[in-house]
Amino acid sequence: MTQRDELIARYAYGLDGFQLEALDALDAGQSVLVAAPTGSGKTVVAEYAVAQAVRTGRRAFYTAPIKALSNQKFHDLAHIYGADEVGLITGDNVINPDAPVVVMTTEVLRNMIYARSSALANLDVVVLDEVHYLQDAYRGPVWEEVIIHLPASVRLVCLSATVSNASELAEWMSTVRGPTAVIVEHRRPVTLHNLYFIGDRTANRLHLFATLVDGQPNPEAARVDGEAIRGGRRTAVTGRRRLYAPSRLDVIERLDDERMLPAIYFIFSRRACDEAAASVLDSGAQLTTTAERERIRDIARRRLDGIDARDLTVLGHARFLAALEIGVAAHHAGMVPPFKEVVEACFAEGLIKVVFATETLAVGVNMPARSVVIDKLTKFTGEHHASLTPGEYTQLTGRAGRRGIDEVGHAIVLWNPFVSFDQVSTLASSRSFHLVSAFRPTYNMAANLIRTFNREQTNALLSRSFAQYQADRDVVRLAARLERRRDALTEARQAAHSPFGDIDEYRHSVTRADRRQSVADAIEPDSFNKAVGALRPGDIVIIDRGRHAGRVAVLSSATRRTIGAKVRVITPHRVQVLLTEDDFSTVPRVVGRVTIPTPFAPNRQAFQREVARSLERAKISGGSTRTRSEPLTAHPVTDDPDLRERLRSAGLADRIQREVDEVSARVDQKNGSLAAAFSKVFDLLASWRVVDGWSLTPAGQRLARLFNECDLLIVEVLERGVLDGLDPPTLAALVSVFTYEHRSPDTPPAPWFPSTDARKRWRSIEAIAQELGRAEDRVGLNPTRQPDPTFGAVAYAWAAGEGFAEVVDADEVSGGDFVRNVKQLVDLLRQLAEIAPLESTRRCASKAADLLFRGVVSASSTVRSVDAEPE
């Protein structure tokens, strides 16, 4: 039996035409790019290429964009070839790295290439899974670096979602690597039915319409939806029909009745996913049989046996398991990996009927379902709400329909008062997903290019990037994009305009005031915590910084060692604000009192009105709002009730302006743009003594071996000795400022440091970061992300040996966020253990990493044996 016959025999449903075409190209010795829908069987092509390498005694690398997918592929390939023949290399695990077949993250392979690792010597083929990641703003350049730098003798198997310009990508690969066959498959292996679910109070029924009829928008769905439109605005209350979005229980019951379970229910909020699973649990629903519940308990026990019982309690294990047993679960990045693995294992066996998931599930682990439900067609990006793109919609709905099990898959979109049916049908019928390179020279990339190639070779390599290829061939698209972004810029500036005054003048005064504030003005944490601890409800204090400056009434206060002191207040405008040390220039003191109404109900309007009136009438003693931020509080725009939204729009306008400038420059100077960007990076590295001529200084050698978003900043901090002479927990706390980024819209807790010396070192890091930012601004480079001290207290406590329950504190950080951030910190500390200038600092970094890698963190990093449980 030939290798191809063996492969075909492995799949009960046989191989499709596009798969056979790809196999022909591999047999001809070519590289291949396969662009096909999710679940269509792209992996078959990758497995065939791996088998070719193994059969000829050569090696195969399988790369994936995320660790979870790497772990899954490791298990899949180990079941095919045996555990001894397959290895795994990620930031968490190194298993059998010299095996003929090795699974790794794409970054690991990139680092191997720059290090000229001997592991590349007998390499025959590399699989680049999810190659469309090359348009990711931060990680995308890694894929292009791999494609450009791998030896020409190594064949590539690139697997991608269906993109509109797959041929362009393949043409580029052919240009830089040699013959590359492009195989594009648009047909899904399981037919997708797009559905539109409407709640109709007027007719007292739930409508489940086909979104498209004969490829066109369903006129009946459009009619019903259209009858809820009045005066150009959509409303769920007025109009000839009173429509509403069906509840989650309504959706589950209908899908169950229509035999459309199991389903993945996408909700773009972690909290909402948890609340949805809890609501189904509390409803008393039961979607599983007795046998299924027993199997669920068995899987959970096997997967979670490495986590301490006390930690399981903190993680809400009882409620998690109770929801699993009735057939529902949440799945998102806020969960610890073992919990997510339990959900994935149960869902793969058909035991879980509904998984409420964020969009992170759409990329990565293999979890197909009979149906996919999309709660809303908009999501919060961290800065604003944005509509799903056709590519994102296709990625989400790609999970609908299990090949070999379902004849059709279902994609259900719920009615929403802010999204018209026309928008829904347009999204369902669109297949536009244009891949755009995000390649750009980074500090680490520049250091590695200088270390590995001469100047001419470096310029040639930059000119071979997909970004340069697209710039030379796609000027019309760039011009159209420029026009769209200019329109968006006009809208953002209009939204930022304030009738109360010049918003930009106010923002500049804020910036100037912030720059004037010196380290000497900082409040000592102990005195601030003591003052806050003495505050009582009804006390009047003065805020002397920020937009809420003035008198406020205290509602509550709290002081904790891990998060610092916080005080919740209400302003005369009835706005409740949570204050930290950053809102005061001096310790808060009581200047008066108001009577707090009973009962204590701060969220009720009557309560807020009464406190606000009392606050306005109260006499204060010795209080003053005059502070170093006086130019801000005196500015007329502070009276604008929509100031916060104006500021957000102004910030968005700034970002769009930078994008417009960037695209405009690309249109005007499309040739040599990457070379010009590299020159800017090179000049900055030279001014910071990282390069000397066309060679690396010792600092440059460290930069070439450091892989982090703040790479140059970290190297400079090391050079100045800021991290030397510390104990391991304190080092962990300070290094966490480079790995953590507060992204929640909620105000972060005040930074906490274990000592005055640690706080001074943080100030030094902050000053170096600001110095680097000014240098980047002068040469026109995007600024390095600013360090964030928010996670420092948690990192210190965990490294110092505190328990999981004490460290996590459910109100402050989720278990999944804690594990993810600690693992990222461990990864960086292990890098510092290799590159720090002083041996003592290297030992300290290694010790800190070991102290952090324990308990739930260790359990979340373990790759289970392929024989740990039955398939």
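Suppose we filter the range 308-333 for residues that are in contact (Cβ under 8 Å) with a residue 12 or more places away in the chain, surrounded by fewer than 21 Cβ atoms within 10 Å (Cβ to Cβ) and not in a helix (DSSP H, G or I); how many remain?
2
Which numbered condition trips up Q494, out of (1) farther than 24 Å from S664 by Cβ; (2) at pLDDT 85 or above?
(1)
Residue pairs, Cβ under 6 Å, 6 or more apart or interchain, first in the range 148-175 and among the β-branched types (V, I, T), second assigned to a strand (DSSP E or B). List them.
These pairs meet every condition: V154/L123; V154/V126; V157/V32; V157/V127; T162/A35; V163/A35.
Of the conditions (1) under 25 Å from L579 (Cα atoms); (2) touching a Cys at 6+ places or on another chain (Cβ under 7 Å), S736 satisfies every one except a single condition; which number is it?
Every condition holds for S736 apart from (2).
List pairs: first in the range 693-712 and on the phi < 0 side of the Ramachandran plot and of a type in the set (S, T, Y), second outside any loop (DSSP other than H, G, I, E, B) and buried (at least 16 other Cβ atoms within 10 Å of the Cβ), Cβ under 9 Å, 6+ apart or cross-chain?
S695/I450; S695/R451; T697/V691
Please find, among A222, A181, A228, the residue that is closer than 30 Å to G404 by Cα and open to solvent by less than 50 Å² (accessible area, probe 1.4 Å). Quick ask: steps written out before the conclusion?
Working: A222 fails: closer than 30 Å to G404 by Cα; A228 fails: closer than 30 Å to G404 by Cα.
Result: A181 is the single residue among A222, A181, A228 that is closer than 30 Å to G404 by Cα and open to solvent by less than 50 Å² (accessible area, probe 1.4 Å).
Give, as residue ranges, the helices (runs of 4 or more DSSP H) completely inside the range 784-841 that count at least 1 residues that are within 20 Å of K340 (Cα to Cα) and under 23 Å from the mean Cα position of the chain (by Cα). Walk me through it before giving the result.
Details: elements: 792-799, 804-808, 815-835.
Result: 804-808, 815-835.
Which pairs turn up if I take residues in the range 422-439 that are in a loop (DSSP other than H, G, I, E, B) and of a type in the set (G, A, S) and look for partners that are modelled with pLDDT under 85 and loosely packed, with under 15 Cβ neighbours inside 10 Å with beta carbon separation below 7 Å, at least 6 apart in sequence or on another chain?
A438/D136; A438/A137
For the range 597-622, how many residues are touching a residue at least 40 places away in the same chain (Cβ under 8 Å) and under 42 Å from the mean Cα position of the chain (by Cα)?
We begin by selecting, within the range 597-622, every residue touching a residue at least 40 places away in the same chain (Cβ under 8 Å); these are 600, 602, 611-612, 614-616, 618, 620.
Checking which are under 42 Å from the mean Cα position of the chain (by Cα) leaves us with 600, 602, 611-612.
Final tally of qualifying residues: 4.
Cβ contacts < 8 Å: first residue in a strand (DSSP E or B), restricted to the range 33-47; second residue open to solvent by 10 Å² or more (accessible area, probe 1.4 Å) and charged (D, E, K, R), any location; separation 6+ or different chain. Result?
V34/K42; V34/E185; A35/E185
Does A203 satisfy being touching a Leu at 6+ places or on another chain (Cβ under 6 Å) and at pLDDT below 90? Spell out how you get there, then give the answer.
On the way: touching a Leu at 6+ places or on another chain (Cβ under 6 Å): no; at pLDDT below 90: yes.
So A203 does not fit the description; no.
Considering A480, A447, A428, which residue is surrounded by 15 or more Cβ atoms within 10 Å (Cβ to Cβ) and modelled with pLDDT under 90? Don't jump to the end; show me each part of the working.
Numbers: A480 fails: surrounded by 15 or more Cβ atoms within 10 Å (Cβ to Cβ); A447 fails: modelled with pLDDT under 90.
Every option except A428 fails the conditions.
For A137, which of the numbered conditions (1) within 23 Å of V182 (Cβ to Cβ); (2) in contact (Cβ under 8 Å) with a residue 40 or more places away in the chain fails to hold?
(1)
Mind listing whichever residues of the range 133-145 are of a type outside the set (F, W, Y) and either assigned to a strand (DSSP E or B) or open to solvent by less than 30 Å² (accessible area, probe 1.4 Å) (or both)? Steps first, please.
Of the range 133-145, the ones of a type outside the set (F, W, Y) are 134-137, 139-142, 144-145.
Of everything in the range 133-145, those that are of a type outside the set (F, W, Y) and either assigned to a strand (DSSP E or B) or open to solvent by less than 30 Å² (accessible area, probe 1.4 Å) (or both) turn out to be L134, G140, P141, V142, E144, E145.
Residues of the range 750-778 being touching an Asp or Glu at 6+ places or on another chain (Cβ under 6 Å) and either charged (D, E, K, R) or modelled with pLDDT under 90 (or both), which ones?
Across the range 750-778, the qualifying residue is only A750.
Scan the range 556-581 for residues that are among the charged types (D, E, K, R), buried (at least 16 other Cβ atoms within 10 Å of the Cβ) and closer than 18 Å to P789 by Cα and report the count.
2
The values are calculated or read from the model by the stated rules, or taken from the named source; none is laboratory data. As the structure is a prediction and not an experimental result, all values here were calculated from the model. Virtual Cβ from ideal backbone geometry, glycine too; neighbours counted across all protein chains shown. These area figures cover heavy atoms from the full protein model, side chains too; ligands, DNA and RNA do not enter into them. Shrake-Rupley method; radii C 1.70, N 1.55, O 1.52, S 1.80 Å.
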